[in-house]
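The structure appears below as structure tokens.
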Amino acid sequence: MQENPCAVYTQLQLHVNSVLVKLVELSQAIHGAFLNGDESEVSRLDRELEGEIGRKERALGALRQHVKEHECVPSRSRQLE
Ligand SMILES: [Zn+2]
């Protein structure tokens, strides 16, 4: 019987969490620049956000793939709160 969540799951979950936090921070920064009318900063941060969305896709994909292959059961991220 598998440890639940297993160590790999926990590691992937932590990675997803950090990428999601980064997306929130970037979105807030873009919002701030937008409110300030700083169009060049909005553009710069928007490109950064695009890259971060790619990392989020891969991080979530890796987590789902692991759950499928290892038959881990997704757990709430209580330890991250
Ligand atoms: Zn696992």
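Every read-out reported here was derived from the displayed coordinates using simple, explicitly stated rules and does not represent laboratory data. Small disclaimer: the values here were computed from a predicted structure and weren't measured. Neighbour counts are summed over all protein chains in view; Cβ atoms, including those assigned to glycine, are modelled from backbone coordinates with ideal geometry.
Numerical summary
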| item | result |
| --- | --- |
| Tilt relative to the chain, helix 7-35 - C-alpha long axis, 0 to 90 degrees, to 10 | 10 |
| Nonlocal amide H pairs with CYS6, under 5 Å, H built at 1.01 Å | none |
| Residue exposure sequence - ILE30, ILE53 - by fewest surrounding Cβ within 10 Å | ILE53, ILE30 |
| Contour minus Cα-Cα distance for GLU25 and ARG55 (0.36 nm per residue) | 9.3 nm |
| Charge dipole of the stretch 7-74 about the Cα centre (unit charges at C-beta), most positive-ward option of VAL73, SER18, LEU45 | VAL73 |
| Inter-probe distance in nm under a simple model that places probes 7 Å from Cα toward Cβ, at LYS68 and ARG44 | 3.9 |
| Taking only Cα atoms of the chain, radius of gyration then Dmax in Å | 16.2, 56 |
| Cα-centre dipole for the chain with unit charges at Cβ (Lys and Arg positive, Asp and Glu negative), debye to 20 | 340 |
